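A.B. asks: Once you've had a glance at the structure underneath, I'll fire off some questions.
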Amino acid sequence: MFHKVAIIGGGAAAATLVSELLERRTPRPLHLDWYAGAPAAGRGIAYGTPSERHLLNVRAASMGMFVSKPGGFLEYAQALDPSVKGSDFLPRRLYGDFLQSRVEQAVKHAASLGHDINVHPFDADALVPTADGVTIGYGDEESHADAAVLAIGSLPPRPLAGVEDAAIASGRYVTDPWPFLDSVQHDDRPLRVLVIGLGLTAVDVLLELSAHWPNAHFTALSRHGKLPEPHLAAASAPTDDGSELVEAMQDDPNVRVWLRRLREATANAKDWRTVIDSMRPHTQGLWRDLPRAERSRFLRHARWAWERARHRMPPQVAAAATRLEAEGRFERGRGRMRAVRLSPEGTLDVVRALPGGTESTASYDLVVQTVGLNTDTQRTEHRLVRQLVVDGLVQPDPLGLGLRAVPDGHLLDGNGKARPNLFAMGSMLRGALWESTAIPEIRKQAQNVANMLLG
Ligand SMILES: Cc1cc2nc3c(=O)[nH]c(=O)nc-3n(C[C@H](O)[C@H](O)[C@H](O)COP(=O)(O)OP(=O)(O)OC[C@H]3O[C@@H](n4cnc5c(N)ncnc54)[C@H](O)[C@@H]3O)c2cc1C
């Protein structure tokens, strides 16, 4: 058993692990050093938004913190408002309140049991394995632990290739939408806004900015020009458990064959969503057995379609996006951003490659980049990850999906051996698991990592 544990990260994954550890009976009191990076420990990126327009994309009934209690969030929400239903998509702000309140309760209760829990509102920025554990560096200080868990979410986004430094320096090119959205004020000007990317974050940006900027016009640019698929208001009952499809996919780990099989299965289903959802418990296993060349093919050719069908918009969000489009305030464009340059007038000129091989240029007052989670550990400014990679203590995933790890969360050292006392959770495990960011996966990881830490 590891008695003294460092938990690094301030989001849902760290909060869930801390709570899971403190739920257990242990033969000796634990000493936890939680490096949360911010005072509001537990909210992280997804649940730190104060906006009521930003909704969970998972139904309330499935957002519990513990594997043993998947309905915990629903109970919390119903205690505040008895009209809430399990099938509702609630504000992420409320989920952040839930995480924070649960973790605060757990920490308070732990002190009465003799555990020593220290929540540090700053980043851990270095980590060095020693003969008997790990040393964690933060600022000019360091501390020692028997084991450490990286629950750092995804990495800070980097500007896309083709964006000039002057465009970034102008403040009109937003690389990270979340801190920007927190500071947005009402503005009546007829602003022209380009959103690069068209996933769930793009829609969140669109809904928030359009509410604050009533006269702005929005364009979203993506390779295929399609919005994420919507959830239905009521979930359809699955017609089967997907095992036949999964077995057929296991027999032939080839992305082209998988896509054909999925297309057939969804075409024959009453609601295609039930087919995608029935795959969820099997996705990690399918990914694990997929050869690297096929993983790479999946990322190049199938990722966008998978993510669009798998990470769906709540119906209210889909309706709001459709309304903006019908009002002529939002349009979708197909193509790829080639370059973003600061114009002599101070706006941004965006060069876009169109599907037919031609190019067009248009001017915008603001460009917001929303191109999905950054998990490229080889090219990152994240201090801790850079230190670990540069010092050869861990290995980047070869496809840019976090860090190389055993599926149970043990990180691999420079020689490809599992480090006995260094674990990861969440997005850093995408290379090992693919499906590793949402709460239903994270709570399972918290349970497994807690089991390993406590022996
Ligand atoms: C906009 C958005 C909406 C989402 N909506 C849903 C949803 O509705 N349902 C669902 O199940 N999933 C959703 N997800 C998936 C989401 O990623 C997970 O649910 C969950 O929030 C992941 O938590 P995390 O702790 O792994 O990462 P994060 O939320 O990213 O938290 C990691 C935190 O660690 C901090 N950190 C990083 N480095 C350090 C360091 N060195 N020291 C200290 N702290 C550090 C970061 O600043 C960050 O605050 C959403 C994701 C996003 C981005």
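The values are calculated or read from the model by the stated rules, or taken from the named source; none is laboratory data. Being a predicted model, the structure only gives us computed values, none of them experimental. A quick note on method: Cβ atoms are made from the backbone with ideal geometry, for glycine too, and the neighbour counts reach across all protein chains shown.
A.B. asks: Say whether the condition of being under 30 Å from Ala61 (Cα atoms) and more than 16 Å from the ligand (Cβ to nearest atom) is met by at least one residue in the range 441-452. First the steps, then the outcome.
C.D. replies: Within the range 441-452, the subset under 30 Å from Ala61 (Cα atoms) is 441-452.
This time we only want the ones that are more than 16 Å from the ligand (Cβ to nearest atom), so: 451-452.
Yes, the range 441-452 contains at least one residue that is under 30 Å from Ala61 (Cα atoms) and more than 16 Å from the ligand (Cβ to nearest atom).
A.B. asks: Residues to consider are Ala13, Ala77; find the one that is within 7 Å of the ligand (Cβ to nearest atom), surrounded by 19 or more Cβ atoms within 10 Å (Cβ to Cβ) and not in a loop (DSSP other than H, G, I, E, B).
C.D. replies: Values: Ala77 fails: within 7 Å of the ligand (Cβ to nearest atom).
After applying the criteria, what remains is Ala13.
A.B. asks: Select, from Arg329, Arg273, Arg292, Arg323, the only residue that is within 26 Å of Asp376 (Cβ to Cβ) and either at pLDDT 95 or above or within 25 Å of the chain's Cα centre (by Cα) (or both). Write out each step before concluding.
C.D. replies: Values: Arg329 fails: within 26 Å of Asp376 (Cβ to Cβ); Arg273 fails: within 26 Å of Asp376 (Cβ to Cβ); Arg323 fails: within 26 Å of Asp376 (Cβ to Cβ).
The unique qualifying residue is Arg292.
A.B. asks: Gly197 - would you say it is more than 22 Å from the chain's Cα centre (by Cα), at positive phi and not hydrophobic (A, V, I, L, M, F, W, C)?
C.D. replies: On the way: more than 22 Å from the chain's Cα centre (by Cα): no; at positive phi: yes; not hydrophobic (A, V, I, L, M, F, W, C): yes.
Taking the combined requirement at face value, the residue does not satisfy it.
A.B. asks: Pick out the one residue from Ser87, Ser112, Ser68, Ser83 that is more than 9 Å from the ligand (Cβ to nearest atom), over 30 Å from Leu232 (Cα atoms) and of a type outside the set (D, E, K, R). If you could, list the steps in order and put the result at the bottom.
C.D. replies: Details: Ser87 fails: over 30 Å from Leu232 (Cα atoms); Ser68 fails: over 30 Å from Leu232 (Cα atoms); Ser83 fails: over 30 Å from Leu232 (Cα atoms).
Criteria check complete, one pass: Ser112.
A.B. asks: In the range 363-379, is there at least one residue being outside any loop (DSSP other than H, G, I, E, B), over 22 Å from the mean Cα position of the chain (by Cα) and of a type in the set (Gly, Ala, Ser)?
C.D. replies: Among the residues of the range 363-379, at least one is outside any loop (DSSP other than H, G, I, E, B), over 22 Å from the mean Cα position of the chain (by Cα) and of a type in the set (Gly, Ala, Ser), which makes the answer yes.
A.B. asks: Which one of the conditions (1) surrounded by 24 or more Cβ atoms within 10 Å (Cβ to Cβ); (2) part of a loop (DSSP other than H, G, I, E, B); (3) more than 11 Å from the ligand (Cβ to nearest atom) does Gly400 fail to meet, given that it meets all the rest?
C.D. replies: (1) is the only condition that Gly400 fails.
A.B. asks: Applying the selection to the range 88-113, what residues are surrounded by fewer than 15 Cβ atoms within 10 Å (Cβ to Cβ) and not in a helix (DSSP H, G or I)?
C.D. replies: Residue satisfying the conditions is Leu113 alone.
A.B. asks: Find the helices (runs of 4 or more DSSP H) located wholly in the range 195-271 whose residues include 1 or more that are more than 14 Å from Ala318 (Cα to Cα) and among the aromatic types (Phe, Trp, Tyr), and list them.
C.D. replies: Numbers: elements: 200-212, 243-251, 255-268.
By residue number, 255-268.
A.B. asks: Of everything in the range 147-181, what is away from the ligand (no atom under 16 Å from the Cβ) and at positive phi? Give them in sequence order.
C.D. replies: Gly162, Gly171
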